[in-house]
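A short reminder: the numbers here are calculations on the coordinates, not readings from a lab. A quick note: this is a predicted structure, and the numbers were derived from the prediction, not measured. Counting neighbours? That spans all protein chains shown, and the Cβs are built from the backbone with ideal geometry, glycine included.
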Amino acid sequence: MSSVKKEKIYIFDSNVFINLNTIDTHLIHLPDEVWTKLDELMTSGKIISHRTVYDEVVSGSKQPDKVSAWLQPRKAYFERATARQIEVMSDVVNQFDKLIDVNNERDQADPWLVALAVEKNEQDPTREYIVVTQEKQASSVKLPAACRSFSVGCIPLAQFFDENGITFGISVS
């Protein structure tokens, strides 16, 4: 029995963009090549996300930071909700009520990311849509748990970097 390797499409969580900003601003300046590679992956459709992620990162930031400024012209890569996603999102929230803060009036991205991945995986069996998040993979109540429950792949940013050949280092002179 031969198994066909599926093309991987990555769905970024808000915290991935937020962590990239934190790394670039407070830890180590990410080389321009990292941003170029991320842009190429977005442009080619290998990185997508949901409009709620865009809203959380861009509209949610009080002062525009590097990542929200970088994302603004890329709004088209953040998909809007569909009827199928609304269906799935409702199931996700019913099974994983800790994914959202009921006191927060804004839409929250996590259940939408699962719904987007489920919908895309149903629509295109030649691809595997995988959520990329910085949430603890072992969590039993957060996004990785919801992904597992709905048969959606879920990986951390470091694994995404490895899978896409994104590396950078420090040179000491």
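Annotations for the structure displayed:
- Based on C-alpha pairs under 8 angstrom that are at least 6 apart in sequence, region 86-173 has a relative contact order of 25 percent.
- Antiparallel bridges, percent of DSSP beta bridges restricted to the chain (to nearest 5): 0 percent
- Neighbourhood net charge (15 Å Cβ-Cβ; Lys/Arg +1, Asp/Glu -1) for Ala145: -1
- Cross-link check: pairs Lys8/Lys37; Lys5/Lys120; Lys46/Lys75; Lys46/Lys136; Lys8/Lys98 evaluated at a Cα-Cα cut-off of 21 Å; pairs beyond the cut-off: Lys46/Lys136; Lys8/Lys98.
- Taking the Cα centre of region 84-150 as origin and assigning +1 to Lys and Arg Cβ atoms and -1 to Asp and Glu Cβ atoms, the resulting dipole is close to 240 debye.
- Summed residue charge, Cβ within 12 Å of Asp39's Cβ, Lys/Arg positive, Asp/Glu negative: 0
- About the Cα centre, charge dipole magnitude for the chain (Lys/Arg +1, Asp/Glu -1 at Cβ), debye: 140 debye
- In the chain, Cα pairs under 8 Å separated by at least six residues give a relative contact order of 27 percent.
- Of Val53, Val141, Val88, the residue with the greatest mean-square motion in the GNM of the chain, using alpha carbon springs below 10 Å, is Val141.
- Between the listed residues Leu157, Asn94, Thr126, the Cα displaced farthest toward the positive end of the dipole of region 50-173, a dipole computed from Cβ unit charges relative to the Cα centre, is found at Leu157.
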